[in-house]
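Chemist: Let me give you the structure first, and then I'll get to my questions.
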Amino acid sequence: MSTAPVAAAPRATGRRRRRAGAGRAEVIGTGLIGASVGLALRARGWRVSGRDQDPGVAAAALAAGAVDQVGEDPEADLVVVATPLGATTAVVRQVLATRPNPDLVVTDVASVKAGVAHAVDDPRFVGGHPMAGSEQLGVAGADPTLFEGATWVLTPTARTDPEAFARVRAVVTSLGAEVVALEPARHDALVAVISHVPHLTAATLMNLAATRAEEQAALLRLAAGGFRDMTRVAAGEPTIWPDVCLANRAAIVDTLDLLLDALHRLRDQVAAGDRAALLEALQRAASARRALPVRGQAPRTLAEVRVPVPDRPGVLAEITTLAGSLGLNVWDVEIAHSAEGSRGVLVLVVDAQGVGGLLEALRRAGYRPSWQELA
């Protein structure tokens, strides 16, 4: 949906406004995520080129219909870097350095964001992380519907051009994903809790069971739904995880320490036969699990929030990541630039039920927002 006209191009960059829509895209890294992006974009009319450090993987992506051609596309409007985490920063910097096109936008899919955000100083880059995956590996597991209903984090910084953010966000939502904007370091701390440590925990439990199974052949035959559900992620591609652990080591170690403390408390409760404490812990966990939000459900009512902003770097990052920190999904974003002067209006479309908290937070941050409910 479009919520505000654009009066003039951004003063800071002089770039012309480009509406999000089918164009030319290049996917670098055509494994599971890259090939899924390619399939999803092609299904929406994009022309997609792709390349991979392994020519065989690129050829498989072509055969699977994930790309129209193998190789670079100097005329691409959008470049999606889906390489292994350890190569992401270098590839992003290389693309931006060799393609002066001011209308190009570049994003990535790495699961750790602070490193690349600190290393890339180009307003055309918008960090991203689709929270989606599959136990199937590589091109064989690629799926054009992989991102439908998934959360896709974007991590704008003070350097991010608002138009670049809006374009990447529009592409991501066109793939069926819900966008949450977070500061890169905040993203890394959160995914340590909900992704990285759970994967390490699942792998540890699976290894423990496998070791015991060598002693007791019947053990894995008894593995029922609960064990399989808890260890499902351990079947994912193992080669990506050493890089993840190195890149996000501080947040992962902090979270592992908290988990170990909690397990030690639980161990003591079991050893002491403390039924009341065990029941309280299990009830608290059950309640929290049931309260997890259901993906893919649009709010019944939407609100348009208009925020007058100065034309300076970082404003969009401040406001969108503020909404993300409140757990508020931004369903649309538009930047209305003033034809004269150095101010504009940032327009956000959000769930009407959460608009009060956003307005209060914006006022505390020194902004003067207004809002209206959308029919």
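Chemist: When you go through Glu318, Glu373 one by one, which is the residue that is more than 23 Å from Ala150 (Cβ to Cβ), touching a residue at least 40 places away in the same chain (Cβ under 8 Å) and in a helix (DSSP H, G or I)? Before the answer, list the steps.
Modeler: Numbers: Glu373 fails: in a helix (DSSP H, G or I).
The unique qualifying residue is Glu318.
Chemist: In addition: Out of Val305, Val244, Val309, report the one residue that is out of contact with any Asp or Glu (no Cβ under 7 Å at 6 or more places or on another chain), surrounded by 15 or more Cβ atoms within 10 Å (Cβ to Cβ), at pLDDT 90 or above and not in a helix (DSSP H, G or I).
Modeler: Values: Val244 fails: not in a helix (DSSP H, G or I); Val309 fails: at pLDDT 90 or above.
That would be Val305, the only listed residue that is out of contact with any Asp or Glu (no Cβ under 7 Å at 6 or more places or on another chain), surrounded by 15 or more Cβ atoms within 10 Å (Cβ to Cβ), at pLDDT 90 or above and not in a helix (DSSP H, G or I).
Chemist: Another question, then. What residue, among those in the range 217-238 that are surrounded by 11 or more Cβ atoms within 10 Å (Cβ to Cβ) and modelled with pLDDT under 70, is farthest from the chain's Cα centre (by Cα)?
Modeler: Leu219
Chemist: Mind listing just one residue for me: the one in the range 161-194 that is of a type in the set (D, E, K, R) and in a loop (DSSP other than H, G, I, E, B) and, of those, surrounded by the most Cβ atoms within 10 Å (Cβ to Cβ)?
Modeler: Our first condition is that a residue be of a type in the set (D, E, K, R); within the range 161-194, this holds for 161, 163, 167, 169, 178, 183, 186, 188.
Of the ones still in play, those that are also in a loop (DSSP other than H, G, I, E, B) are 161, 183.
Details: Asp161: 23, Glu183: 21.
Only one residue tops the list, namely Asp161.
Chemist: For the range 279-302, give me each residue that is assigned to a loop (DSSP other than H, G, I, E, B), surrounded by 10 or more Cβ atoms within 10 Å (Cβ to Cβ) and modelled with pLDDT of 80 or more.
Modeler: Within the range 279-302, just Thr301 meets the criteria.
Chemist: If Ala82 passes every condition in (1) closer than 23 Å to Leu316 by Cβ; (2) touching a strand residue (DSSP E or B) at 6+ places or on another chain (Cβ under 7 Å) but one, which one does it miss?
Modeler: Every condition holds for Ala82 apart from (1).
Chemist: Here's something else I'd like to know. Only strands (runs of 3 or more DSSP E) wholly contained in the range 13-111 count here; list those with 1 or more residues that are closer than 24 Å to Leu137 by Cα, in contact (Cβ under 8 Å) with a residue 60 or more places away in the chain and among the hydroxyl-bearing types (Ser, Thr, Tyr). Please lay out each step first, then the result.
Modeler: Values: elements: 24-28, 47-51, 78-81, 105-108.
Filter on the range 13-111 gives 105-108.
Chemist: Among the candidates Arg51, Arg93, Arg47, single out the residue that is among the charged types (D, E, K, R), over 21 Å from Ala317 (Cα atoms) and surrounded by fewer than 20 Cβ atoms within 10 Å (Cβ to Cβ). Write out each step before concluding.
Modeler: Values: Arg51 fails: surrounded by fewer than 20 Cβ atoms within 10 Å (Cβ to Cβ); Arg93 fails: over 21 Å from Ala317 (Cα atoms).
Answer to the check: Arg47.
The values are calculated or read from the model by the stated rules, or taken from the named source; none is laboratory data. Predicted model, so just to flag it, every value in this text is computed and none were measured. Every residue, glycine as well, gets a Cβ built from its backbone with ideal geometry; the counts of neighbours run over all protein chains shown.
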